[in-house]
Structure formats: structure tokens, C-alpha cells
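Single-structure report; data block below.
The values are calculated or read from the model by the stated rules, or taken from the named source; none is laboratory data. Quick caveat: nothing in here was measured; it's all calculated off a predicted structure. Counting neighbours? That spans all protein chains shown, and the Cβs are built from the backbone with ideal geometry, glycine included. Note: accessible area is taken over every heavy atom of the protein model, side chains too, but ligands, DNA and RNA are not part of it. Shrake-Rupley method; radii C 1.70, N 1.55, O 1.52, S 1.80 Å.
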Amino acid sequence: MNLEAVNKELSIEGADVRELYGAQDVYLEQIRSLSPKVKLVARGSSLRVLGAARDVEAFERKMNALVDYYVKYGHISKEVVAQAFSTGLSDCAEPVSEKDVIVFGNNGAVIRARTVNQRRLTEMYESNDLLFAVGPAGSGKTYTAIALAVRALKERTVKRVILTRPAVEAGEKLGFLPGDMKEKLDPYLQPLYDALNDMIPAAKLQKYLEDGTVQIAPLAYMRGRTLDNAFVILDEAQNTTASQIKMFLTRMGRNAKFIVTGDVTQIDLPRKSDSGLTRAMDTLRGIEGIGMVEFDKRDIVRHPLVKHIVEAFDRRDEGVRLP
């Protein structure tokens, strides 16, 4: 039995310790309470562990599993910490609350609301036919919206799903791309295809695209249509003009659900002031049946660095000198 006292320093690599330890060190204090046999001293990106060798080794395994979980999923919770330091996180398997599950994707993959505002979007969907979801890149706005659309299609509450974007170049010129209009636009619409491919088997998705059950098209193709029995998502709405977003919103037909997503910090229009997204939200705010969810940096679920990248650009835009 190894009772030798050790003093070991663990390096927390690949994780933001501020988020790993939680606001006001709430998760760190929880870790301490769940690890009474060792003493913990947190200094920056390292964690000093003091105790019997076997207890330190056991703690290190659990802490490494928790860090691996954070790196993989981009967030933790009190439930995750409790699991890590009790039964353990098996292969970093993400615990799932049934109420957060939106739809089951390919190979049984669970597509769920993973942040507070993703949950707000799924909850507000139940009582609103038009939703605005705005916020930074990587916060899951579009992915959550598409998951809700796929669920509606599977539950047959709508007959078709329509995904659209304004065809505004983000620094590139579509005219120089090879092929016809569809071939020019398909790469631009690829993020929408990527999300659908996570949720619908390839053969079925291809069939849906061929028979019009799922449609992906530039915003200009929406003009003149009345969209009944449809779940319609307008993505990258910050690149619409006021007249374009009005045109889109007035396409809403019977038994339709509309979700508008966008990031007002990434406007690609020649004049940023021409963006119609914020003007539309200001105009429609307070109308019954229209919900609005404003995502923020806390919702970013991509690589942990994405959150810091967004913060750095926000500071620059606010005129604060970066360190």
C-alpha cells in the first residue's frame, strides 16, 4: 500500500482554466469537496496536488478525464464534475439530459442543446412561429435551428425544410468560380449541407434534395413564393438588406416556422449600415409569436480558442488596445 506523501504539479493543457474552474471557482471548489484526500493549490494554468501517492494518482486520472472532456465538448457543468470524480467519465462520454435532446442524428448521435441560449431557442420554438437567433460564430445558432427543422420533418409537423442564405461574397467573387449558378453557390451553402449530413443519412438526404422535401437555395430564389407547411431558416441574415429581409419574412405561409440567424459582427455588405437584421429585430420586437434569442461568447462550442479569438476582435473593435 503506497502511503508516501507526494507534492505533484499538474499542467492544465488545452483548456481555459477560468472556464474549467468556473465563475468564482465554483467547479474548483466542487472538485475540492469531491477530493477530500488531497490538497489542491491552483496557480494559473497549473494545479498543485498534495497527498498520499495513490490518492494523487487517482486524482490525476480523474482530473485528466475532466480536462479531456472540456477540450472535446467545450464546456463542463456541475453534473460533469460530479461524474468525473465519482463514477468517472467513460471515454469522455457526454452525459445527456433527455429534455436537452433535439433529435437523434446519424448512427444514433445525440443532437442536443448544449448551452443556455441553445436551450432558450429550443424552448421558445414551441411558442413562437418566427424566431431570431443572433450571436457570434461558433455559438450553434444555425446548427440548433437545423436540428429543430430536422425534428419537425421527422415528426411530420412540416412537409419540407427550406434553408437559405443571401448570396453575398465574404471576400471572394462568385463570378470567378467555375460551373453554373448551382455549382457556384453550393460551396457557399456547404455549412448547411454539413449540418444536414450529421442528422440525415446520406441516401435519404439525397432523396429529400431531389424531391424538394429539403431545399437549399440563395435568398433571391425566395421572392414570389408562399411557404406553407414549411420550416424555413434564413442563415447569415446580417448580409440581407432591409428590403430583402422584409421580402423573406413575408413569405411565411400557413403552418410555417421561420428561424432567422446571423452575426452582426460579420457583415459582408459593401456598407455595413445597409444590414437589415438589427433593423428588423428592432421593428418586430414585442410582437406576440416572434421570439428573439441573443447568443454570446458563453455559447461558443467550437475549439476553446474560438472564444478567445472572438473576445480579442471584440476588444479591438471597441478600441481597447490588445496586450
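For the chain, the membrane-span-like helix rule (DSSP H, alpha carbon extent of at least 27 Å along the helix axis, mean Kyte-Doolittle at least 1.6) picks out no helix; this says nothing about an actual membrane. If you take the alpha carbon atoms of the stretch 241-311 and fit the smallest convex hull around them, that volume is 126 Å³ per residue.
For the stretch 1-84, GluC sites (Glu not before Pro) are listed when DSSP marks them as loop and at most 13 other Cβ atoms sit within 10 Å of their Cβ; the list is GLU4, GLU13. Here the accessible area of the chain is 52 percent carbon and sulfur, with a 1.4 angstrom probe and all protein chains present. Count neighbours as other Cβ atoms within 10 Å of each site's Cβ, and list the GluC sites (Glu not before Pro) in the stretch 205-309 that are DSSP loop with at most 10 such neighbours. When the GluC sites (Glu not before Pro) of the stretch 205-309 are filtered for loop state and at most 10 Cβ neighbours within 10 Å, GLU288 remain.
In this view, the solvent-accessible surface of ASP68, computed with a 1.4 Å probe and all protein chains in place, comes to about 90 Å². Our summary gives the chain a relative contact order of 20 percent, counting only alpha carbon pairs under 8 angstrom and 6 or more residues apart. Exposed loop sites were defined as trypsin sites (Lys or Arg not before Pro) in DSSP loop states (anything but H, G, I, E or B) carrying at most 16 other C-beta atoms within 10 Å; in the chain the longest segment without such a site runs 38-155. For the chain, the Cβ-based charge dipole about the Cα centre amounts to some 420 debye (Lys, Arg positive; Asp, Glu negative; other atoms uncharged).
Taking only the Cα atoms of the chain, the radius of gyration and Dmax are 23.1, 78 Å.
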